[in-house]
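Below is one structure, written out as structure tokens, with a few remarks after it.
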Amino acid sequence: MPGAIYAEGLVKTFGDVKALDGVDLDVPEGTVLGLLGPNGAGKTTTVRCLTTLLRPDRGKAFVAGIDVLKHPNEVRRSIGLSGQFAAVDEYLTGRENLHMVGQLYQMRSKLAKARAVELLEQFHLTEAADRPAKTYSGGMRRRLDLAAALVVSPPVMFMDEPTTGLDPRNRQQLWEVIKQLVSGGTTLLLTTQYLEEADHLAHDICVVDHGRVIARGTSDELKARTGGERVEVVVHDREHIATASEVLRGFGKGETTVEEHTRMLTVPVSGGAKLLAEVIRELDTRGIEIDDIGLRRPTLDDVFLSLTGHLAEQRDEENGTAADAKGHQKKKEEEAK
Ligand SMILES: Nc1ncnc2c1ncn2[C@@H]1O[C@H](COP(=O)(O)OP(=O)(O)OP(=O)(O)O)[C@@H](O)[C@H]1O
Ligand SMILES: [Mg+2]
């Protein structure tokens, strides 16, 4: 039984750019899939194929059990979409934008108005509710676009980089909204460039690069493959490097690396903040003065580095994928229109 979002072998080519090169996905009902990848990886193209905005050259896709290629209209009725580029009507106010979406979904006017009030409140737009959206800041537009996607509560939601451009507070708040949504049974596919975000929200993560899923698993599984957490220490005196290294060896679950010139020692660990506190105490007991210490968690870059042996950007440059860059620019221009 395929999940609420299912794709098999999706291929999409734009000129000589292979945006999707055989993407497979299976998202069980009521769960969140995080699609993680750098610029140009194929995240938006995947979302557009699954939400009927783009027809794949090859492959199959089912959303809420409905064949996306055969019954696009039915699929549209079962999904909510918040795009990477906010799709709000500039000349309508925030309130009117939300009201209009309700009417598109054939909600009764009174109900649509009440829902708009609720969402404006939830997304902290009440004060700006009666101003045209063209006067909104980037973050406000983004929030309005997300609110619009939530006017009706469809069983399957797609959010393309929902928190890009939001400040930390708004990002946290959106995470809460998303968690609530999912606890109500919604299936969600979200794309992001932040491992941390996928970490907070997603049950499963697919890492995409060059139109292909290069790794999948839970956030813990991916981090484990990446080498997990590390403690980094910068000692004050060069003479203390050897003793510090000995201390770290006692806590680490792998080899300690030492960078002599920066006096920085790094060791893979598991145990988070509690372990960090223990390391600090032990270094103190031994009389080792430190300039800096921290727990470093793997980032998207680390995941990429460990999966491909390259950083995301480096890889693009090395392969000389100028066509990609051009295609990307062209697309951005199109969407900006
Ligand atoms: N309409 C289009 N015309 C030409 N090329 C396109 C088009 N849409 C996407 N592409 C190309 O397909 C590739 C994948 O693009 P996509 O937008 O799916 O990436 P993304 O993972 O969403 O990136 P970002 O993080 O920048 O949003 C890129 O190389 C892009 O240039
Ligand atoms: Mg995108």
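Think of a 1.4 Å ball rolled over the protein heavy atoms: the chain then has 51 Å² of accessible area per residue. Assuming charge only on the beta carbon of Lys and Arg (+1) and of Asp and Glu (-1), the dipole of the chain about its Cα centre is about 1620 debye to the nearest 20. What you get for the range 153-225, charging only the Cβ of Lys and Arg (+1) and of Asp and Glu (-1), is a dipole of about 80 debye around the Cα centre.
So which trypsin sites (Lys or Arg not before Pro) in the range 81-139 are both in a DSSP loop and have at most 12 other Cβ atoms within 10 Å of their Cβ? In loop regions of the range 81-139 (DSSP not H, G, I, E or B), the sparsely surrounded trypsin sites (Lys or Arg not before Pro) are ARG108. Rounded to the nearest whole Hz, the Karplus-based 3J(HN,Hα) values (6.51 cos²θ - 1.76 cosθ + 1.60, θ = phi - 60°) of the range 274-279 follow the sequence 4, 5, 4, 4, 5, 4, with x at glycine and proline. Annotation: amide H-H contacts under 5 Å for VAL151 (H modelled 1.01 Å from N, sequence separation of 5 or more, or interchain): none.
Straightening the chain between ASP291 and LYS113 buys 58.4 nm, computed as 0.36 nm per residue apart minus the Cα-Cα spacing. Farthest toward the dipole's positive end in the range 65-213, which of THR191, VAL68, THR163, given Cβ charges of +1 (Lys, Arg) and -1 (Asp, Glu) about the Cα centre? So the residue furthest toward the plus end is VAL68.
Once each of the GluC sites (Glu not before Pro) sitting in a DSSP loop with at most 16 other beta-carbon atoms within 10 Å is removed, the chain keeps 128-254 as its longest stretch.
Take the solvent-accessible surface of the protein heavy atoms, probe 1.4 Å, and return the percent of it on the range 39-187 that carbon and sulfur atoms account for. Ligands and nucleic acids excluded, carbon and sulfur reach 52 percent.
When the chain is described by a simple charge dipole with +1 on each Lys and Arg Cβ and -1 on each Asp and Glu Cβ, the residue from THR51, HIS261, SER245 located farthest towards its positive end is THR51. The length gained by stretching the chain between LYS134 and GLU221 to full extension, at 0.36 nm per residue less their Cα-Cα distance, is 27.0 nm. Report in % the part of the accessible area of the range 195-298 that belongs to carbon and sulfur, leaving out ligands and nucleic acids; probe 1.4 Å. Here carbon and sulfur together make up 45 percent of the probe-accessible area. In a fully extended conformation the segment linking LEU54 and LYS253 would gain 66.9 nm over its present Cα-Cα distance, using 0.36 nm per residue.
The values are calculated or read from the model by the stated rules, or taken from the named source; none is laboratory data. The shown structure was predicted, so the numbers you read here are calculated from the model rather than taken from an experiment. Using ideal geometry, Cβ is built from the backbone for each residue, glycine included, and neighbour counts are taken over all protein chains shown. To get the accessible areas, we keep the full protein, side chains included, count just its heavy atoms, and leave off ligands, DNA and RNA. Shrake-Rupley method; radii C 1.70, N 1.55, O 1.52, S 1.80 Å.
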